[in-house]
Amino acid sequence: MPGIRSALDIAVGAMATHQYGMDVVSHNVANVNTEGYTLQTVINKSKVPQASGGFMFGRGVETYEIRQLVDETVEKRLLEYRSSLASAEEIETFGKVLDGLFNEVEGNGLGTMLSDFFNSWEDLSLNSAGTAERSVLYEQALGLAQYIDELDAALIGEEENLGISLQSGVEAVNTLTSQIADLNQQIVAASQNTNPNDLLDQRNYLMSELAQYIDVQTFAQDDGSLTVLGPRGVTLVIGSDRFDINLHQGDIIYGKGTDKELTITDYVEKGRMGGWLEMRDTVISELRANLNEVSKEMIWAVNTIHSQGIGLTGLTSTTGSYTAAATNQPVGSAAADLFFGDRITDGGFNFWVYDASGNVVNPGGTNIAITANTTTMDDIATALGAVDLNVTASTVGGRLSITAGSGYTFGFTEDTSNVLAALGVNTFFTGEGSGTMGIHETIAADRNMIAAGKADAATGEISSGNNETSLAIGELKYTNLSITEWQSKRIGSDTSITVNASIEGFYASMISALGSSLNSAERNREFAESMVQNLETVRGSISGVSLDEEMTKLIELQQSYAAAAKLITTMDEIFQTLMTIKS
């Protein structure tokens with residue numbers, strides 16, 4: 001029943017409640033700079049009243065709950081945009097590396113080297129007998145081929161770096177999901193008695209870290225645990241159980257080696273791993289494919305013209321730079337497996353043999369007929385060897401080799417079959433595209449073999465003033481070619497179209513596409529960064545610790561505590577008075 005004892009109980013309860021409040025305020029103040037900390041507040045309620053003398057008397061106050069101030073909608077959106085920001089930052093970072101590789105801003109990039117290469121052919125056309133011009137051209141061409149190969153190697157290197165990053169990302173994801181599963185277990189156990197707020201903060205922090213690596217969705221369970229889903233809806237954490245992901249041959253695999261194994265690579269769009277995959281499978285993949293295509297078409301275009309040209313003198317020997325898998329199979333067939341074999345058509349070329357004085361040994365030349373699906377490399381070697389006893393031809397290691405006897409030379413004109421370029425005979429470049437480019441060994445050994453002119457189609461006569469070949473190759477700078485343009489895709493098959501563009505124009509469009517991609521990445525990063533900042537401001541106003549507010553709360557609690565203490569003192573005085581009266 002109400003009385004002095006009841007008042008003392010109320011006062012003691014009030015002191016305990018205000019003490020709890022000061023403990024929580026102290027905890028908030030101590031964690032003002034702790035990343036991921038969520039503001040806590042004490043929720044008090046009146047005790048159940050007691051009936052006495054026909055009245056309901058209050059029994060004071062008690063602490064009902066220590067609650068975190070959290071807006072779940074804000075938290076989920078913040079998690080999502082942090083994941084998007086991490087992806088955009090990685091794309092932008094690696095994009096700057098690519099921008100530095102191509103280095104077009106300073107005028108030292110591939111675009112400038114291509115222009116210088118074709119300009120060197122134009123310079124040679126002005127002095128087709130010039131040795132200095134040939135030396136300059138050779139150095140320009142060698143530098144161009146090496147630069148393209150180095151670019152391809154650098155892109156491969158970036159792909160490898162991204163692979164290393166992905167492996168570290170996979171390991172980080174597995175570590176974080178393991179820690180989240182452990183915290184789930186602790187939270188479920190602690191939730192039976194109270195709100196495990198600090199454990200919840202630790203789990204939220206780990207979730208924020210996890211979202212920095214990969215796309216995640218979360219679902220709170222009634223027991224306090226958190227279910228975490230990853231890309232393609234796969235379960236990463238459920239209760240105290242977690243499921244690993246693995247990196248296998250470049251793909252991200254969920255549940256590897258189990259009946260639930262799934263490849264989720266194409267579904268990873270956010271977080272650092274999403275950014276790394278976007279760079280590897282879209283940006284770099286597309287760059288490599290298109291660099292290879294423009295290099296391949298340049299090799300083919302230059303070689304097709306050069307193979308029908310002639311240097312300052314005829315050739316003494318040459319070996320084709322392209323290998324057939326089988327020299328006894330038709331040169332245009334899949335069985336021969338020549339890299340440019342599909343470009344060989346029915347036709348032929350004229351073969352000329354010259355003596356030591358430069359006179360034609362076989363007047364009118366000898367036409368070597370080619371039927372793409374019938375003629376073999378062995379057939380071509382036999383036909384060439386039969387032209388003149390002073391010339392031998394054979395197949396060596398899958399390549400066509402031609403050698404003139406002492407004092408004799410040879411040359412080619414009017415190839416309507418493209419077979420010379422496809423075999424790499426009397427060509428300028430070697431290789432199949434980026435990463436394999438080089439200069440033909442015949443030219444590397446003797447710059448005079450660079451063909452500036454052409455032998456007369458009717459007589460085979462070699463004129464030092466003829467510049468048809470150098471002019472034609474120089475004109476490639478302005479000539480539209482059919483070039484395959486690739487568009488790499490993360491989800492679905494890569495697509496391609498055939499465009500008509502000059503070599504320089506196609507490369508310029510590549511760089512423009514790269515620039516657009518980098519600008520898009522920058523915009524995405526700025527937008528995600530802005531959203532994260534805004535949401536963090538909102539979160540801070542809800543869940544952040546304000547020292548001013550906490551100090552105000554502390555003063556209020558201090559005064560309330562003092563009032564409760566005063567109540568005890570007063571009740572004690574009343575009790576002492578009653579004891580005096582009784583005595």
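ALA457 - would you say it is in the same structural domain as ILE344 (by TED's automatic domain parsing) and surrounded by fewer than 18 Cβ atoms within 10 Å (Cβ to Cβ)?
When the stated conditions are applied, ALA457 passes them.
From the set of residues in the stretch 534-549 that are β-branched (Val, Ile, Thr) and farther than 14 Å from HIS27 by Cα, which is modelled with the lowest pLDDT?
For the stretch 534-549, the residue satisfying everything is ILE542.
Residues in the stretch 44-54: is at least one over 30 Å from TYR213 (Cα atoms), of a type in the set (A, V, I, L, M, F, W, C) and at pLDDT below 85?
Yes: the stretch 44-54 contains one or more residues that are over 30 Å from TYR213 (Cα atoms), of a type in the set (A, V, I, L, M, F, W, C) and at pLDDT below 85.
Condition first: charged (D, E, K, R) and either under 16 Å from VAL294 (Cβ atoms) or surrounded by 15 or more Cβ atoms within 10 Å (Cβ to Cβ) (or both). Now tell me which residues in the stretch 97-150 satisfy that.
ASP99, GLU104, ASP116, GLU122, ASP123, GLU133, ARG134, ASP149, GLU150 - these are the residues of the stretch 97-150 that are charged (D, E, K, R) and either under 16 Å from VAL294 (Cβ atoms) or surrounded by 15 or more Cβ atoms within 10 Å (Cβ to Cβ) (or both).
Filter the stretch 481-512 for residues that are assigned to a helix (DSSP H, G or I) and not aliphatic (A, V, I, L, M); which is nearest to the chain's Cα centre (by Cα)?
SER512
When you look at ASP201, is it touching a residue at least 24 places away in the same chain (Cβ under 8 Å), closer than 27 Å to LEU85 by Cβ and in a loop (DSSP other than H, G, I, E, B), yes or no?
no
Is at least one residue of the stretch 6-17 of a type outside the set (A, V, I, L, M) and touching a Ser or Thr at 6+ places or on another chain (Cβ under 7 Å)?
Among the residues of the stretch 6-17, at least one is of a type outside the set (A, V, I, L, M) and touching a Ser or Thr at 6+ places or on another chain (Cβ under 7 Å), which makes the answer yes.
So which of GLY60, GLY100 is of a type outside the set (A, V, I, L, M, F, W, C) and in contact (Cβ under 8 Å) with a residue 12 or more places away in the chain?
The conditions single out GLY60.
Quick one: in the stretch 289-337, which of the residues that are of a type in the set (S, T, N, Q) and assigned to a strand (DSSP E or B) is nearest to the chain's Cα centre (by Cα)?
The selected residue is THR319.
Can you find even one residue in the stretch 261-281 that is surrounded by fewer than 20 Cβ atoms within 10 Å (Cβ to Cβ), free of Cβ contacts under 8 Å to residues at least 12 places away in the same chain and at negative phi?
Yes: the stretch 261-281 contains one or more residues that are surrounded by fewer than 20 Cβ atoms within 10 Å (Cβ to Cβ), free of Cβ contacts under 8 Å to residues at least 12 places away in the same chain and at negative phi.
Any chance the stretch 313-320 includes a residue that's buried (at least 21 other Cβ atoms within 10 Å of the Cβ), of a type outside the set (A, V, I, L, M), touching a strand residue (DSSP E or B) at 6+ places or on another chain (Cβ under 6 Å) and closer than 17 Å to THR469 by Cα?
Checked against the condition, which is being buried (at least 21 other Cβ atoms within 10 Å of the Cβ), of a type outside the set (A, V, I, L, M), touching a strand residue (DSSP E or B) at 6+ places or on another chain (Cβ under 6 Å) and closer than 17 Å to THR469 by Cα, the stretch 313-320 yields at least one hit.
Pick from the stretch 379-393 the residues that are in a helix (DSSP H, G or I) and either touching a Cys at 6+ places or on another chain (Cβ under 6 Å) or surrounded by fewer than 17 Cβ atoms within 10 Å (Cβ to Cβ) (or both): which of them is modelled with the highest pLDDT?
Ranking the qualifying residues of the stretch 379-393, first place goes to THR382.
Taking the stated definitions as given, is PHE527 buried (at least 17 other Cβ atoms within 10 Å of the Cβ) and either over 25 Å from the mean Cα position of the chain (by Cα) or not β-branched (Val, Ile, Thr) (or both)?
When the stated conditions are applied, PHE527 does not pass them.
Please verify whether the stretch 208-220 includes one or more residues that are within 29 Å of the chain's Cα centre (by Cα), closer than 25 Å to VAL24 by Cα and not acidic (Asp, Glu).
So far as the stretch 208-220 goes, yes, one or more of its residues are within 29 Å of the chain's Cα centre (by Cα), closer than 25 Å to VAL24 by Cα and not acidic (Asp, Glu).
The values are calculated or read from the model by the stated rules, or taken from the named source; none is laboratory data. Model, not experiment: these values are computed from the prediction. Glycine gets a Cβ as well: all are built from the backbone with ideal geometry, and neighbour counts include every protein chain shown.
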